[in-house]
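A.B. asks: Input: one structure, supplied below.
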Amino acid sequence: MKKTKTLLILGSTGSIGRQSLDVAEKQGYKVDTIAAGSNYRELELQARKLSVKSAALFDEDAAKKLKENLADTDIKVYGGESGIEEAIMSSGADTAVNAIVGLAGLKPTLSCIRSKKKLALANKETLVAGGDIVKAEAKKYGVDILPVDSEHSAIFQCLQGQPPERRLKKIILTASGGPFFGMKKKDLENVTIKQALKNPNWSMGAKITVDSASMFNKGLELIEAVRLFDVSYDMVKIVVHRESIVHSAVMYEDNAVIAQLGLPDMRIPIQYALTYPDRCESPVGELDLASLGKLTFFEPDYDTFECISICKNAIKEGGLMPAAVNSANEEANSLFREGKIKFTDIPVLIKKASELIENKSDFDADDIFSIDKSVRENVRRLV
């Protein structure tokens, strides 16, 4: 018999958030609390449709408008960073989906863990910037963290039933290659925002889509894999797979490779995170290998897409460096989307801004947010 669940969905108006709501509806799960950044109009529609207990917005002005619009209901409305935390802590949900984009998702992740909610994590920056802190808190509170990223969900699935000694040799992390696959640095000099937002296979939010175009997203996922699966950075091999059918794979010591395949639809990994360890009827179509004809694989172009190496060097150095490069990228990505810098400026700014910080191995969440502020200022100054 299928277990009923009550969900808290953070980032419910974004791409992953909306797909999480779709999965929840198909599975018959109750959504208790929803939260977003500033989109009060969509959050109001979601709140009314779902009859949630509470709704929250990071933007306090937007939260005030939402509160006015929901005055005819019993829905509790929260605003600001502290309001998001209060909404999480007061939620009766047993499972939380964190689909917030960027470092802004770190504090909500910690709040979900401290309120002992099983965590379906789509916010990779949480583990990139604060992996050790998050994992320590999860252990302390006995909370399971289940990956929602398609690649990490695939790795997680491939590791099911592994031998007690594990004997893992390699993680094979696949990448679509983004819209600029095959291009060289000189070809990227004048690419437009519109071009960068055309991912060949996936429908994602603007920030993540640009990260996919620069392949910084794959660098983040390398760091996330290191954190999630307790492996060294050199055990993670990135392979460009244009079709996005093989979502990732693992290789054991005997060189046997186990891969997870499926259509490129985020509802598959979202559902697995929510139903684990059970499997339920798919929310998407069936994969037909014969109709695909072929699957292709390529070595990444590390010279053109420097962001992968930047992330690999950051996790190698450790300490606050992964947090620093993540924050530098968030700022550079934003500047590119605002039309203030070129696409090729992104890796240059990340390297220069992160090199200006003083790294340290012993740190807490406050240090991460302090570095975040410093690095963003560095990026703006460099521009």
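The values are calculated or read from the model by the stated rules, or taken from the named source; none is laboratory data. Being a predicted model, the structure only gives us computed values, none of them experimental. As a convention, Cβ positions derive from the backbone with ideal geometry for all residues, glycine included, and neighbour counts pool all protein chains shown. Note: accessible area is taken over every heavy atom of the protein model, side chains too, but ligands, DNA and RNA are not part of it. Shrake-Rupley method; radii C 1.70, N 1.55, O 1.52, S 1.80 Å.
A.B. asks: Tell me, what is the 1.4 Å probe accessible area of Ser361, in Å² to the nearest 10?
C.D. replies: Solvent-accessible area, nearest 10 Å²: 110 Å².
A.B. asks: Here's something else I'd like to know. Select from Ser38, Leu10, Ala24 the residue farthest towards the positive end of the dipole of the stretch 1-58; place +1 on Cβ of Lys and Arg, -1 on Cβ of Asp and Glu, and compute about the Cα centre.
C.D. replies: The Cα lying farthest towards the positive end belongs to Ala24.
A.B. asks: If you don't mind, there's one more thing I want to ask. Per residue, how much accessible area does the chain have with a 1.4 Å probe, in Å²?
C.D. replies: Details: 16940 Å² over 383 residues.
Per-residue accessible area for the chain comes out at 44 Å².
A.B. asks: Let me ask another. What is the list of residues in the stretch 51-93 whose amide nitrogen lies under 20 Å from a point 7 angstrom out from the Cα of Cys280, following Cα to Cβ?
C.D. replies: Of the residues in the stretch 51-93, 51-53, 92-93 have backbone N under 20 Å from the label point off Cys280.
A.B. asks: Given a Förster distance of 25 Å, report the FRET efficiency between Lys169 and Lys316 from their Cβ-Cβ distance, rounded to the nearest 0.05. Can you show the working numbers first?
C.D. replies: Numbers: r = 19 Å, r/R0 = 0.78.
Rounded to the nearest 0.05, the efficiency is 0.80.
A.B. asks: Go through Gly319, Ser370, Val383 and say which Cα lies farthest out towards the positive end of the charge dipole of the stretch 304-383; charges sit on Cβ, +1 for Lys and Arg, -1 for Asp and Glu.
C.D. replies: Looking along the dipole axis, the top candidate is Val383.
A.B. asks: Right, another one. Ranked highest first by the average count of other Cβ atoms within 10 Å around their residues, in what order do 54-61, 24-31 fall? Please list the in-between numbers first.
C.D. replies: Numbers: 54-61: 21.1, 24-31: 17.2.
Order by mean packing, descending: 54-61, 24-31.
A.B. asks: Of Lys198/Lys351; Lys30/Lys237; Lys67/Lys207, which ones are farther than 31 Å apart at the Cα?
C.D. replies: In this structure, Lys30/Lys237 exceed 31 Å between Cα atoms.
A.B. asks: List the relative contact order of the chain as a percent without decimals, with contacts defined as Cα pairs under 8 Å and 6+ residues apart.
C.D. replies: Relative contact order here is 14 percent.
A.B. asks: Solvent-accessible area of His247, probe 1.4 Å, all protein chains present, reported in Å² to the nearest ten, please.
C.D. replies: Ignoring ligands and nucleic acids, His247 comes out at about 10 Å².
A.B. asks: Restricting to the chain, compute how many DSSP beta bridges are antiparallel as a %, nearest 5.
C.D. replies: On the way: 10 of 39 bridges.
Among the beta bridges of the chain, antiparallel pairing accounts for roughly 25 percent.
A.B. asks: With charges set only on the Cβ (+1 for Lys and Arg, -1 for Asp and Glu), what does the dipole of the stretch 232-290 come to about its Cα centre, in debye to the nearest 20? Walk me through the numbers before you get to the answer.
C.D. replies: On the way: 4 positive and 9 negative charges, 38 e Å.
Result for the stretch 232-290 is approximately 180 debye, rounded to the nearest 20.
A.B. asks: So, one more: What value, in deg cm²/dmol to 500, does the helix sum -39500 (n - 2.57) over DSSP H runs of n ≥ 4 give at 222 nm once divided by the residues of the chain?
C.D. replies: Numbers: 17 runs with 182 residues, N = 383.
It comes out at -14500 deg cm²/dmol, rounded to the nearest 500.
A.B. asks: What residue among Leu263, Leu292, Leu121 shows peak mean-square fluctuation when the chain is described by a Gaussian network model with Cα springs under 10 Å?
C.D. replies: Judging by the Gaussian network model, the answer is Leu292.
A.B. asks: Which of rounded, prolate, oblate describes the chain, given a ≥ b ≥ c as roots of the alpha-carbon gyration tensor eigenvalues and a/c under 1.5 marking rounded, otherwise prolate only if a/b is larger than b/c?
C.D. replies: On the way: a/c = 1.43, a/b = 1.15, b/c = 1.24.
Judged from the Cα gyration tensor, the chain comes out rounded (a/c under 1.5).
A.B. asks: A follow-up question, please. Express the carbon and sulfur contribution to the solvent-accessible surface of the stretch 152-250 as a percent, rounded to the nearest whole number, probe 1.4 angstrom. List each step's numbers first, then the result.
C.D. replies: Values: 1970 of 3780 Å².
The computed percentage sits at 52.
A.B. asks: Can you list the aspartates and glutamates whose alpha carbon is less than 14 Å from that of Lys218, not counting same-chain residues fewer than 8 positions off?
C.D. replies: Cα-Cα hits under 14 Å: Glu125, Asp149, Glu151, Glu299, Asp301, Glu306.
A.B. asks: Could you compute how much accessible surface Cys280 exposes when probed at 1.4 Å, giving the result in Å² to the nearest 10?
C.D. replies: Accessible area, nearest 10 Å²: 50 Å².
A.B. asks: Also, I was wondering about something else. When the Cα centres of the stretch 96-119 and the stretch 312-356 are compared, how far apart do they sit, in Å?
C.D. replies: Distance between centres, Cα-based: 23 Å.
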